[in-house]
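**Q** Can you read through this structure? Questions will come right after.
The values are calculated or read from the model by the stated rules, or taken from the named source; none is laboratory data. Remember, it's a predicted structure, so these values are computed and weren't measured experimentally. Cβ atoms come from the backbone with ideal geometry, glycine included; neighbour counts cover every protein chain shown.
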Amino acid sequence: MSEENFLREKENTIMDWQGQKLAEQLMQTLLLAFAVVAFVAGYSLGSFQMMLLIYAGGVALTTLITVPNWPFFNRHPLKWLDSSEVDRHPKPQPVKSKKKPTKQK
Amino acid sequence: MHSYGYRANGVLSLSLTILALLCTVASLSGGILNLPPPSAQVEVVNINWFQKHRSGNDEVSLTLNISANLESLFTWNTKQIFVFLAAEYETPKNSLNQVSIWDGIIPSIEQAKFRINTINKYRLADQGNNLRGREFNLTLHWHVMPRTGKMFADKIVMTGYRMPHEYV
């Protein structure tokens, strides 16, 4: 597989940068929101079990939303330069130094 | 956050951290209901028998009427309450003798107000023959077991009981 194809392949399985940020923020917000809702509901209903059920549901929903690589996480694809650019802008070669490093005692 | 694994790990670790936080807050939260403080009365209905064993130890059998209201100890975070009745008395040898004579587990607030008529569930025997005419207390101890958080215990001491002066 050429480097280009490899990168294309990567682009399809890996979330873009904006998407990653969104996924993390969504996860934190959702989990905290569900925790607050669960506590308030459990406390006011006097049911510890209700609190745990609501929170468990929230965690499941958050997993479903933020773990899979949904299309809305990939609205900002990276624009890679075309491979022909390589020829037009050759990689600068490291300058060879004539001096050999001498060991000092 | 770039791969499934990292995102799943993120959800897992944050959700468990928040769960621990929820449990901590729950253990600090009190009850909502305004209920009267715990109360208890115990009546010694009958001395069934009172004798000295061949070993020299006194033992007595009592019929008791126990009534208590422990509803205020229940909050949304209470799993159950263990309650036991102890006969407590002083002898020349020991400044405090405690004999558990009845116990029970209260699993819900609906059963926290109770009244039972029972003989002593566990034997009330002394280490010696010091029971005749002995004044004793009946103490209702309870241990509250929360779903999360610290267990705590308290008691109500009921005084003014006295063993019979003669074996019956």
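**Q** Would you point out the residue of segment B:20-31, among those that are touching a residue at least 12 places away in the same chain (Cβ under 8 Å) and surrounded by 13 or more Cβ atoms within 10 Å (Cβ to Cβ), that is farthest from B:Thr148 (Cα to Cα)?
**A** B:Gly31
**Q** A further question on this structure: Collect the residues in segment B:117-138 that are under 14 Å from B:Arg162 (Cα atoms) and either of a type outside the set (Lys, Arg) or not in a loop (DSSP other than H, G, I, E, B) (or both), keeping them in residue-number order.
**A** Once the filter is applied, which keeps residues that are under 14 Å from B:Arg162 (Cα atoms) and either of a type outside the set (Lys, Arg) or not in a loop (DSSP other than H, G, I, E, B) (or both), segment B:117-138 yields B:Leu124, B:Asn130, B:Leu131, B:Gly133, B:Glu135, B:Phe136, B:Asn137, B:Leu138.
**Q** Residue check: is B:Asn97 closer than 18 Å to B:Met145 by Cα, assigned by TED's automatic domain parsing to the domain that holds B:Pro146 and surrounded by 14 or more Cβ atoms within 10 Å (Cβ to Cβ)?
**A** no
**Q** Right, next: Scan segment A:25-48 for residues that are closer than 24 Å to B:Leu28 by Cβ, within 9 Å of chain B (Cβ to nearest Cβ) and assigned to a helix (DSSP H, G or I) and report the count.
**A** Looking only at that region, the number is 12.
**Q** Taking only segment B:37-86 into account, find how many residues are within 21 Å of B:Pro107 (Cα to Cα) and small (Gly, Ala, Ser).
**A** Result for segment B:37-86: 6.
**Q** Looking at (1) more than 30 Å from A:Ile14 (Cβ to Cβ); (2) loosely packed, with under 14 Cβ neighbours inside 10 Å, can you tell me which one B:Thr17 breaks?
**A** The single condition B:Thr17 does not satisfy is (1).
**Q** Would you be able to tell me the number of residues in segment A:47-64 that are loosely packed, with under 15 Cβ neighbours inside 10 Å and touching a helix residue (DSSP H, G or I) at 6+ places or on another chain (Cβ under 9 Å)?
**A** 6
**Q** Residues B:Asn65, B:Asn34: which one is away from chain A (no Cβ under 14 Å) and either surrounded by fewer than 19 Cβ atoms within 10 Å (Cβ to Cβ) or without any contact (Cβ under 8 Å) to a residue 60 or more places away in the chain (or both)?
**A** Result: B:Asn65 is the single residue among B:Asn65, B:Asn34 that is away from chain A (no Cβ under 14 Å) and either surrounded by fewer than 19 Cβ atoms within 10 Å (Cβ to Cβ) or without any contact (Cβ under 8 Å) to a residue 60 or more places away in the chain (or both).
**Q** Quick check on my filter: what residues within segment B:1-17 are at the interface with chain A (Cβ under 7 Å from one of its Cβ atoms) and over 12 Å from A:Pro68 (Cβ atoms)?
**A** Within segment B:1-17, B:Met1, B:His2, B:Gly10, B:Leu14, B:Ser15 meet the criteria.
**Q** Taking the condition loosely packed, with under 13 Cβ neighbours inside 10 Å, among the β-branched types (Val, Ile, Thr) and more than 30 Å from B:Ser108 (Cβ to Cβ), does A:Val95 pass?
**A** Against the criterion (loosely packed, with under 13 Cβ neighbours inside 10 Å, among the β-branched types (Val, Ile, Thr) and more than 30 Å from B:Ser108 (Cβ to Cβ)), A:Val95 qualifies.
**Q** Further question on the same structure: Could you list all residues from segment B:82-109 that are touching a His at 6+ places or on another chain (Cβ under 8 Å) and not aromatic (Phe, Trp, Tyr)?
**A** B:Val83, B:Leu85, B:Ala86
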